[in-house]
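Trainee: Have a look at the structure that comes next, please.
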Amino acid sequence: METELLKIYDLEEQIHEMERAAALIKGGEVVAFPTETVYGLGADGLSESAVRKIFKAKGRPQDNPLILHVDSIQMLKRLVRDIPKDAYKCMERFWPGPLTMLFRKSDLVPDIITAGLQTVAIRMPSHPIALELIKRAGTPIAAPSANISGRPSPTRASHVVQDMKGKIAMIIDGGETGVGLESTVLDLTEKVPMVLRPGGVTLEDLRDLLPEVVIDPGLGDRKEFTPKSPGQKYRHYAPKAEMILFSGDKERVVAAIMERARREGAQGKRVGLLVTEENRNRYPGENVVVMGSVRDKRTIAHGLFHAIRRLDELEIDIILCESVEEDQIGMAIMNRLLKAAGGNRINL
Ligand code: TXA
Ligand code: MG
């Protein structure tokens, strides 16, 4: 299939070009588009045959449900049985934006979206191109991250081209995404509000509104809990190389990474380092990729997936990676790093 690339420089100037993208969605095709978190792989969320094309293009397991993207509360209402009070509070504060919430689904939502679950995940993105696309298509857009299943999520159109060229009808290029990590997934359908995936809206932000909110115990290192969100059980965000995450005392981390790099290098391996801006100059060698600065961890969220794709291009055999503090957006960053490393972590 020929994949059309639509570059949007100025949405207002090019508003008529969005009509073509919307027509493709209405016609049951798949269109990749930017959101404020990562690029999404979109299709008409009410059409089973359109949604099936998303699963095929990504190579996504059928038991992993999708998020529906809406442009209004009116559109949301048709998709859910009820809207809890806490959900209204969260929508008021965080929508449009990087918060996905689970609702009890209405009959309108096809089973393929929810993988047979009785809940449906919904969010209203804030990216103007995403909102425009949903509005013009006049239907909720189902959209997982626009990567091949298991690969790092795309934060630039070029990443989507790498993974999806020839498999989908169109890629809308809206430049780099802002947040750089996916939305927070929040379950409000049980007694206690629970974060199933940390993301763009932080736990601290949520606590402000919902003091009793907890994190799904299945997200940590402990093997006796399984994550509630099906997507969290898969290896994800994964580079081609083996990856090891180093946590703990900062000085020891730098020393341990250097020592390990020396040992792996001596065995003829190509070693790549994934580090913070502040420590960049402490590491000798070429394949040192900066993920962002600890002084503002949002820069790390923004740059992380691009950095991992860079290391893939360098054809590294093993990646040694620094950790960040788990407060604020650091919790989502560490969740992605741990997954990218397949749980491979050394505590110092
Ligand atoms: O920021 C984002 O959320 C991006 C952009 C494109 O909006 N989308 C995204 O979609 O990250 P995806 O499919 O890559 O991740 C959706 C996550 C998966 O972990 C999935 O298992 C979970 O949400 N999820 C979806 N529906 C669910 C449900 N009903 N119950 C529990 N988890 C659900
Ligand atoms: Mg994803």
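Trainee: Name the residues whose placed amide hydrogens come within less than 5 Å of the amide hydrogen of Lys228, ignoring near sequence neighbours (fewer than 5 apart) on the same chain.
Mentor: Long-range HN contacts for Lys228: Gly218.
Trainee: With every protein chain left in place and a probe of 1.4 Å, what is the accessible surface of Glu251, to the nearest 10 Å²?
Mentor: 110
Trainee: Can you list residues whose amide H is under 5 Å from Lys105's amide H, if they're 5+ apart or on another chain and H is modeled 1.01 Å from N?
Mentor: Arg81, Thr119, Val120
Trainee: How many times 2.2 N^0.38 Å is the alpha carbon radius of gyration of the stretch 139-185?
Mentor: Against the empirical 2.2 N^0.38 Å value, I get 1.16 for the stretch 139-185.
Trainee: For the chain, which whole percent of the accessible surface, found with a 1.4 angstrom probe, sits on carbon and sulfur atoms?
Mentor: 49
Trainee: Under the 0.36 nm per residue contour assumption, what length would be gained going from the current alpha-carbon distance of His16 and Leu209 to full extension?
Mentor: So the chain would gain 65.5 nm between His16 and Leu209.
Trainee: Still on this model: Label points 7 Å out from Cα along the Cβ direction at Asp317 and Glu242: separation in nm?
Mentor: 0.9
Trainee: Can you compute 3J(HN,Hα) from phi for each residue in the stretch 290-303, using the Karplus curve 6.51 cos²θ - 1.76 cosθ + 1.60 with θ = phi - 60°, rounded to whole Hz and x for Gly and Pro?
Mentor: Coupling constants for the stretch 290-303: 8, 8, x, 10, 5, 5, 9, 5, 4, 5, 6, 4, 4, x Hz.
Trainee: So what's the gap between the Cα centers of the stretch 45-73 and the stretch 131-188, to the nearest angstrom?
Mentor: First find each Cα centre; the distance between them is then 12 Å.
Trainee: How much of Arg252 can a 1.4 Å solvent probe reach, expressed as accessible area in Å² and rounded to 10?
Mentor: 140
Trainee: Provide the packing ranking of 323-331, 257-265, i.e. peptides ordered by the mean count of other C-beta atoms within 10 Å per residue, highest first.
Mentor: 323-331, 257-265
Trainee: Sticking with this structure for a sec: Show me, for the stretch 330-337, the HN-Hα J-couplings you get by feeding each phi into the Karplus relation (A = 6.51, B = -1.76, C = 1.60, θ = phi - 60°), rounded to Hz, glycine and proline as x.
Mentor: So the J values, rounded to whole Hz, are x, 5, 5, 4, 5, 4, 5, 5.
Trainee: For the stretch 1-154, please report how many Lys pairs fall under 24 Å Cα to Cα, leaving out neighbours fewer than 8 apart on the same chain.
Mentor: Here the count comes out as 21.
Trainee: Follow-up. With a point put 7 Å past each Cα toward its Cβ, work out how far Asp63 is from Lys89 in nm, to one decimal.
Mentor: 3.5
Trainee: In the chain, with Lys and Arg counted as +1 and Asp and Glu as -1 at Cβ, which of these residues, Ile112, Leu311, Gly166, has the Cα nearest the positive end of the dipole, that is, farthest along it?
Mentor: Going by the charge dipole, the pick is Ile112.
Trainee: What ranking, highest mean first, results for peptides 336-345, 28-37, 92-101, 55-64 when packing means the other Cβ atoms within 10 Å averaged over each residue?
Mentor: Result, highest mean first: 28-37, 92-101, 336-345, 55-64.
Trainee: I'd like the Karplus ³J(HN,Hα) series for the stretch 217-224: coefficients 6.51, -1.76, 1.60, θ = phi - 60°, whole numbers in Hz, and an x wherever there's a Gly or Pro.
Mentor: The phi angles translate into x, x, 7, x, 6, 6, 6, 6 Hz.
Trainee: Once fully extended, how much extra length lies between Gln267 and Leu348, figured as 0.36 nm per residue of separation less the alpha-carbon to alpha-carbon distance?
Mentor: Extra length available between Gln267 and Leu348 comes to 26.8 nm.
Trainee: Quick one: grab the alpha carbon gyration tensor of the stretch 4-215, order the square roots of its eigenvalues as a ≥ b ≥ c, and give me rounded if a/c is under 1.5, else prolate or oblate depending on whether a/b is larger than b/c.
Mentor: Numbers: a/c = 1.59, a/b = 1.44, b/c = 1.10.
Prolate.
Trainee: Sort Thr276, Thr189 by accessible area with a 1.4 Å probe, largest first.
Mentor: Of Thr276, Thr189, the descending order of accessible area is Thr189, Thr276.
Trainee: Taking only protein heavy atoms and a 1.4 Å probe, what accessible area per residue, in Å², does the stretch 287-337 have with all protein chains in place?
Mentor: Solvent-accessible surface per residue comes out at 36 Å².
Trainee: Kindly report the accessible area of the stretch 213-276 per residue (heavy atoms of protein chains, probe 1.4 Å, no ligands, DNA or RNA), in Å². Intermediate values should be presented prior to the final figure.
Mentor: Values: 3520 Å² over 64 residues.
Spelled out: the 1.4 Å probe surface of the stretch 213-276, per residue, equals 55 Å².
Trainee: While we're on this one: Pop the C-beta distance of Arg282 and Met1 into the FRET formula with R0 = 35 Å and round what comes out to the nearest 0.05.
Mentor: 0.15
Trainee: Out of residues 5 or more away from Gly248 or on other chains, whose amide H comes under 5 Å of its own, with H placed 1.01 Å from N in the peptide plane?
Mentor: Residues meeting the criterion, in which the H sits 1.01 Å from N, are Leu348.
Trainee: Students often check this: by mean Cβ neighbours within 10 Å, which of 76-84, 240-248 ranks highest, and how do the rest follow?
Mentor: Descending mean neighbour count gives 240-248, 76-84.
Trainee: Using heavy-atom solvent-accessible surface (probe 1.4 Å) with all chains present, what is the largest-first order of Glu286, Glu13?
Mentor: Values: Glu286 165, Glu13 135 Å².
Sorted descending by solvent-accessible area, the residues read Glu286, Glu13.
The values are calculated or read from the model by the stated rules, or taken from the named source; none is laboratory data. These numbers come from a predicted model, not from an experiment. Here the Cβ is made from the backbone with ideal geometry for all residues, glycine too, and neighbour counts use every protein chain on show. These area figures cover heavy atoms from the full protein model, side chains too; ligands, DNA and RNA do not enter into them. Shrake-Rupley method; radii C 1.70, N 1.55, O 1.52, S 1.80 Å.
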